[in-house]
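First comes the structure, then the notes that go with it.
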Amino acid sequence: MHLDHPDAYPHRHTYSAAHPLRGDGSRRALRIGLGGPVGSGKTATVAALCRELRDRVSIAVVTNDIYTREDAEFLLRNAVLPPERITAVETGACPHTAIRDDISANLEAVEDLEEAVGPLDLILVESGGDNLTATFSKGLVDAQIFVIDVAGGDDIPRKGGPGVTTADLLVVNKTDLAPYVGADLEGMARDAKAQRGDLPVAFTSLAAEGGVGPVADWVRAQLAAWTAGPR
Amino acid sequence: MAVGEAIPPTASRAALLVLADGRFPAGGHAHSGGAEAAVKAGRVRDAGTLEAFCRGRLHTAGLTAAGLAAAAAAGLDPLALDEAADARTPSPALRAAARRLGRQLTRAVRATWPSPELDALAAARPRGAHQPIVLGLAARAAGLTPLDAAYAAVYESVSGPATAVVRLLGLDPFDATGVLARLAPELDAVAARAADAARGGLDALPAGAAPLLDIMAEVHAAWPVRLFAT
Ligand SMILES: Nc1nc2c(ncn2[C@@H]2O[C@H](COP(=O)(O)OP(=O)(O)O)[C@@H](O)[C@H]2O)c(=O)[nH]1
Ligand SMILES: [Mg+2]
């Protein structure tokens, strides 16, 4: 039954969500994941990035809340993007599963956004916030940012773990709080360097105006490299 | 990724283990099969009540899903089966979930056991066909039998809630696995019954219903805060 000629179904070539080209041969949106512990500032970073980039870049966001739609609702309340550009994925008590072991729901969200409001340049995927071992699958994102904060303990870069060690960008957020929690920023920078070698680290305070600048610059560079990639 | 790279049907029993594995990346981990609502209502509290819940689900929703999966694996028209699944799923929330899971399973299976039949179904139902039908076509593409497809469906109907209850209640995982082991003979019986029914064609497929599961699924879908999608 239904034994079609393979060429009748060009969309079958999209089995691999990692494939960089759309059906029409153009480059699909760059997908960047934001992971890191709960409360480190992932949603705040996403909001600030949207404000900073949305005038020039077509952006959408996927959130992976653990048990509510809080992150999506925060972004909606603050009107960083129109509602049709924000999608919440339900993760079934296991946020790291949805971004790493079984990425199917997130891929669906990404595809639906592209279909509804595309063509998009950039899709930010925020993880629900888990532990230091949670990283994104390469089948879901092209690059990942790991967000930690100075108040979570200045020994986190030293302890390492896949997020701290391998993320394409490590963000150490809430530097404004360093004096109050006695965090040693230079020590954190040294430890991060030891763990990460040449991979970049950005120290940010989103409490300050324009505080997301270093992250936005990094995203712009990623976008430029992505757009210039092979077709 | 060229179609020519497709893995040929294996006719291998081990393929059933791959398909039925809870880690098969097709979205199941985000669903409790009604267990979250049952826990909240106090109906599932421990291993004993989990077993009763799973037994009820197995003989109703599980049997129905297994019949559809076996029929799809036997080569019945997937679109007719998709309508039959709609008719057997009164809860709009569960229909939506079944299609969402069907779409996720389609993605995973098209990458693991590519098949023109599944491509055709995906083209006809881009938002997803009912999950048991996709499961049946997956089994077919993997060289498995209708009975194998029924096994995958019945096992999923109880393993999903059992795993969810371990997370929701902190239930001892050995106790939860013991529940599944004790249900094994019933899983055999229900899978055989479903596969038998599928031999009788579309109109002979089981239509077991669990009204409480349907009602609670609607209630659960309206919760503002929940851990699982269903
Ligand atoms: N002082 C300070 N607070 C921040 C900063 N960035 C985020 N926050 C606050 O930290 C809390 C958690 O941030 P959120 O972005 O929701 O964290 P997430 O769980 O990683 O998404 C919120 O109350 C933010 O306003 C920062 O740079 N400095
Ligand atoms: Mg957040």
> Residues A:Leu177, A:Leu223: which one is touching a residue at least 24 places away in the same chain (Cβ under 8 Å) and more than 16 Å from the chain's Cα centre (by Cα)?
Replying inline: A:Leu177
> Say we look at the stretch A:141-155 and pick out the residues that are surrounded by fewer than 24 Cβ atoms within 10 Å (Cβ to Cβ) and of a type outside the set (Asp, Glu); which of these is nearest to ligand 1 (Cβ to nearest atom)?
Replying inline: A:Ala151
> Only one of (1) within 16 Å of ligand 2 (Cβ to nearest atom); (2) in contact with a Gly (Cβ under 7 Å, 6 or more places away or on another chain) fails for A:Ala151. Which number is that?
Replying inline: (2)
>> Residue under question is A:Thr135, and the condition is that it be among the hydroxyl-bearing types (Ser, Thr, Tyr) and over 22 Å from A:Ala88 (Cα atoms); does it hold?
In response: no
> Has the stretch B:167-174 got at least one residue that is in contact with a Phe, Trp or Tyr (Cβ under 9 Å, 6 or more places away or on another chain), at pLDDT below 95 and in a helix (DSSP H, G or I)?
Replying inline: yes
> Looking only at the stretch B:185-230, which residues are among the β-branched types (Val, Ile, Thr), in a helix (DSSP H, G or I) and more than 16 Å from the chain's Cα centre (by Cα)?
Replying inline: B:Ile215, B:Val219
> When you scan the stretch A:97-125, how many residues do you find that are modelled with pLDDT of 95 or more and within 16 Å of ligand 1 (Cβ to nearest atom)?
Replying inline: 2
>> Report every pair of residues separated by at least 6 positions or lying on different chains whose Cβ atoms are under 6 Å apart, first residue within the stretch A:58-69 and within 9 Å of ligand 2 (Cβ to nearest atom) and at pLDDT below 90, second polar (S, T, N, Q) and in a strand (DSSP E or B).
In response: none
> Which one of these does A:Glu209 not meet: (1) assigned to a loop (DSSP other than H, G, I, E, B); (2) surrounded by fewer than 16 Cβ atoms within 10 Å (Cβ to Cβ); (3) modelled with pLDDT of 95 or more?
Replying inline: (3)
> All but one of (1) away from ligand 1 (no atom under 14 Å from the Cβ); (2) over 16 Å from the mean Cα position of the chain (by Cα); (3) in contact (Cβ under 8 Å) with a residue 24 or more places away in the chain hold for A:Cys94; which doesn't?
Replying inline: (3)
>> Just checking, does the stretch B:201-213 include any residue being within 30 Å of B:Thr112 (Cα to Cα) and crowded, with 17+ Cβ neighbours inside 10 Å?
In response: yes
>> Given the options B:Ala87, B:Ala129, B:Ala139, name the one that is more than 9 Å from chain A (Cβ to nearest Cβ), farther than 19 Å from B:Leu19 by Cβ and either surrounded by fewer than 24 Cβ atoms within 10 Å (Cβ to Cβ) or aliphatic (A, V, I, L, M) (or both).
In response: B:Ala87
> Could we say that A:Phe136 is away from ligand 2 (no atom under 14 Å from the Cβ), aromatic (Phe, Trp, Tyr) and either buried (at least 24 other Cβ atoms within 10 Å of the Cβ) or part of a loop (DSSP other than H, G, I, E, B) (or both) here?
Replying inline: yes
>> Just to confirm my filter: which helices (runs of 4 or more DSSP H) fall fully inside the stretch B:46-95 and include at least 1 residues that are closer than 15 Å to B:Leu121 by Cβ and of a type in the set (A, V, I, L, M)?
In response: B:63-74, B:78-87
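The values are calculated or read from the model by the stated rules, or taken from the named source; none is laboratory data. Treat the numbers as computed from the prediction; the structure is a model and nothing was measured. Backbone-built Cβ (ideal geometry, glycine too); neighbour counts: all protein chains shown.
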